[in-house]
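Down below is the structure, laid out as structure tokens.
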Amino acid sequence: GENVEQHPSTLSVQEGDSAVIKCTYSDSASNYFPWYKQELGKGPQLIIDIRSNVGEKKDQRIAVTLNKTAKHFSLHITETQPEDSAVYFCASFPQLYGNNRLAFGKGNQVVVIP
Amino acid sequence: NAGVMQNPRHLVRRRGQEARLRCSPMKGHSHVYWYRQLPEEGLKFMVYLQKENIIDESGMPKERFSAEFPKEGPSILRIQQVVRGDSAAYFCASSTTDNSPLHFGNGTRLTVT
């Protein structure tokens with residue numbers, strides 16, 4: 001089945017610096033790639049997503065880039081703030097399951113140091 | 001506009017009891033998904049339902065687990081004869097179509113003692 005991997009597992013950054021999380025996937029037919037932010041005790045919150053027909057999408061301090069050839073996509077957070085500290089999950093819609101199942105990575109713990 | 005509502009937030013059951021987890025999707029959403037999350041793990045797909053129909057239950061254990069999404073009322077994930085290994089956070093998500101973004105609730109944390 002689809003295999004989604006995230007790197008690094010933990011990332012610490014100084015407040016104001018940028019954070020980049022990379023995600024790789026195995027199913028070349030996947031065409032939808034969301035990123036979720038999960039704070040302690042809460043459910044995953046969709047923060048940005050990208051479809052395979054574009055290479056980059058930006059929303060204020062958050063951006064996602066997609067490289068379909070290499071089968072990876074990355075989350076970029078600029079000007080990090082303490083409230084950005086959370087676990088971030090990438091996911092993909094693997095076509096072999098049909099367009100109704102997200103396959104998640106194991107998550108990245110991002111710690112923003114004030 | 002309320003988000004996905006799950007209850008209870010925390011549920012404690014003894015081994016052998018039944019657990020019933022409820023999920024009300026976002027207004028206007030007719031697609032419901034259940035995912036399970038173990039500590040320090042990603043979310044694992046369990047089941048995908050539309051009103052009165054189970055579309056895909058390939059991620060759900062064959063025994064003791066069942067799910068429904070009736071015409072009226074919330075979606076229910078039911079675990080019979082719970083075992084310690086069922087302890088996890090169970091998240092429900094909903095979407096408007098089968099190819100639109102999923103929005104998650106805050107989960108039900110099940111503890112089996």
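What follows draws every value from the coordinates through simple rules; no lab data is involved. Please read these numbers as outputs of a predicted model, since none were measured by experiment. Every residue, glycine as well, gets a Cβ built from its backbone with ideal geometry; the counts of neighbours run over all protein chains shown.
My understanding is that a pair violates if its Cα-Cα distance is over 28 Å; which of A:LYS42/B:LYS44; A:LYS37/B:LYS71; A:LYS37/A:LYS57; A:LYS22/B:LYS44; B:LYS27/B:LYS62; A:LYS106/B:LYS51 do that in this structure?
On the way: A:LYS42/B:LYS44 16 Å; A:LYS37/B:LYS71 32 Å; A:LYS37/A:LYS57 17 Å; A:LYS22/B:LYS44 20 Å; B:LYS27/B:LYS62 31 Å; A:LYS106/B:LYS51 30 Å.
In this structure, A:LYS37/B:LYS71; B:LYS27/B:LYS62; A:LYS106/B:LYS51 lie more than 28 Å apart at Cα.
In whole angstrom, note down how far apart the Cα centers of the range B:42-86 and the range A:3-53 are.
Computed from Cα coordinates, the inter-centre distance equals 26 Å.
In vacuo Debye scattering of the protein assembly as shown, one point per C-alpha: log10 I(q)/I(0) at q = 0.14, 0.15 Å⁻¹?
-0.88, -1.00
Over chain A, what is the mean sequence separation of C-alpha contacts under 8 Å (at least six apart), divided by residue count, expressed as relative contact order in percent?
Working: 287 pairs, mean separation 41.6, N = 114.
Computed value for chain A: 36 percent relative contact order.
Counting partner chain Cβ atoms within 10 Å of every residue's Cβ in B:33-46, what's the average?
Values: counts 3, 0, 5, 0, 6, 0, 0, 5, 3, 15, 12, 2, 6, 1.
Mean shielding count: 4.
Just want to confirm a number: the relative contact order over the range A:1-63, from Cα pairs under 8 angstrom separated by 6+ residues, in percent. Could the numbers behind the result be given before it?
Working: 64 pairs, mean separation 14.9, N = 63.
Rounded, it is 24 percent for the range A:1-63.
Rounded to the nearest angstrom and ordered from largest down, what semi-axes does the equivalent ellipsoid of chain B get from its C-alpha gyration tensor (root of 5λ)?
Working: eigenvalues 98, 40, 35 Å².
Semi-axis lengths for chain B are 22, 14, 13 Å.
Could you give me the radius of gyration and the Dmax of the range A:17-101, taking only the C-alpha atoms into account and expressing both in angstrom?
My reading of the Cα-based Rg and Dmax gives 13.0, 39 Å.
Per-residue Cβ counts within 10 Å, from other chains only, averaged over A:34-46: what number is that? List each step's numbers first, then the result.
Details: counts 2, 0, 6, 0, 6, 1, 0, 5, 4, 15, 12, 4, 5.
Counting Cβ atoms of other protein chains within 10 Å of each residue's Cβ and averaging gives 5.
Is the range B:6-49 best put as rounded, prolate or oblate by its Cα gyration tensor, with a ≥ b ≥ c the root eigenvalues, rounded for a/c under 1.5, and otherwise prolate when a/b is larger than b/c, oblate when not? Please list the in-between numbers first.
Numbers: a/c = 2.10, a/b = 1.38, b/c = 1.53.
Oblate, because a/c is 1.5 or more while a/b does not exceed b/c.
Return the long-range amide H neighbours of A:SER30 (sequence gap of 5 or more, or a different chain), with a cut-off of under 5 Å between placed amide H atoms.
A:GLN95
Averaged across A:100-108, how many Cβ atoms of other chains sit within 10 Å of each residue's Cβ atom?
Numbers: counts 12, 12, 8, 4, 7, 2, 4, 5, 0.
Mean inter-chain Cβ contacts per residue within 10 Å come to 6.
Taking the Cβ of B:LYS71 as the center, what net charge do the other residues with Cβ under 14 Å away carry, scoring Lys and Arg +1 and Asp and Glu -1?
Numbers: positive: B:LYS51; negative: B:GLU52, B:GLU68, B:GLU72.
The answer is -2.
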